[in-house]
Amino acid sequence: MSELKDCPFCGAPAKLERRGDLWSVKVHHTNDCVMRPFEVIPTFGKEAIIRKWNTRKIEKRRGIDDPLDD
């Protein structure tokens, strides 16, 4: 998994940002987006932050597995 999903609420594209060893996700949400001004807490590891951002609770409820959880 190396591609970020768009915001699930407004559809705005997400981008990775790196500062030293920390990775975070930045999104320019629309003005009426419920995620605004939400940010994903900076995390060590590029794949970890991608997995954190891309995880959708609805997918977990439907039993869709994340291949990185193995």
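The values are calculated or read from the model by the stated rules, or taken from the named source; none is laboratory data. Nothing here was measured: the structure is a model prediction, and the numbers come from that model. With ideal geometry, Cβ positions are generated from the backbone for all residues, glycine too; neighbour counts draw on all protein chains shown. In case anyone asks, the SASA skips ligands and DNA or RNA and just uses the protein heavy atoms, side chains included. Shrake-Rupley method; radii C 1.70, N 1.55, O 1.52, S 1.80 Å.
Quick one: is residue 22 surrounded by 11 or more Cβ atoms within 10 Å (Cβ to Cβ), more than 12 Å from the chain's Cα centre (by Cα), aliphatic (A, V, I, L, M) and modelled with pLDDT under 90?
Answer is no for this residue.
If you check every pair at least six apart or on different chains, which have Cβ atoms under 6 Å apart with a residue in region 1-26 that is over 12 Å from residue 52 (Cα atoms) first and a residue that is open to solvent by less than 50 Å² (accessible area, probe 1.4 Å) and of a type in the set (Ser, Thr, Tyr) second?
If the second residue must be open to solvent by less than 50 Å² (accessible area, probe 1.4 Å) and of a type in the set (Ser, Thr, Tyr), the pairs left are 17/24.
Per-residue answers, yes or no, for (1) in a loop (DSSP other than H, G, I, E, B); (2) at pLDDT below 90; (3) acidic (Asp, Glu); (4) open to solvent by 80 Å² or more (accessible area, probe 1.4 Å):
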| site | (1), (2), (3), (4) |
| --- | --- |
| 8 | yes, yes, no, no |
| 16 | no, no, no, no |
| 34 | yes, yes, no, yes |
| 39 | yes, yes, yes, yes |
| 47 | no, no, yes, no |
| 65 | yes, yes, yes, yes |
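Would you check which residues across region 18-32 are in a loop (DSSP other than H, G, I, E, B) and in contact with a Pro (Cβ under 9 Å, 6 or more places away or on another chain) and list them?
28, 29 - these are the residues of region 18-32 that are in a loop (DSSP other than H, G, I, E, B) and in contact with a Pro (Cβ under 9 Å, 6 or more places away or on another chain).
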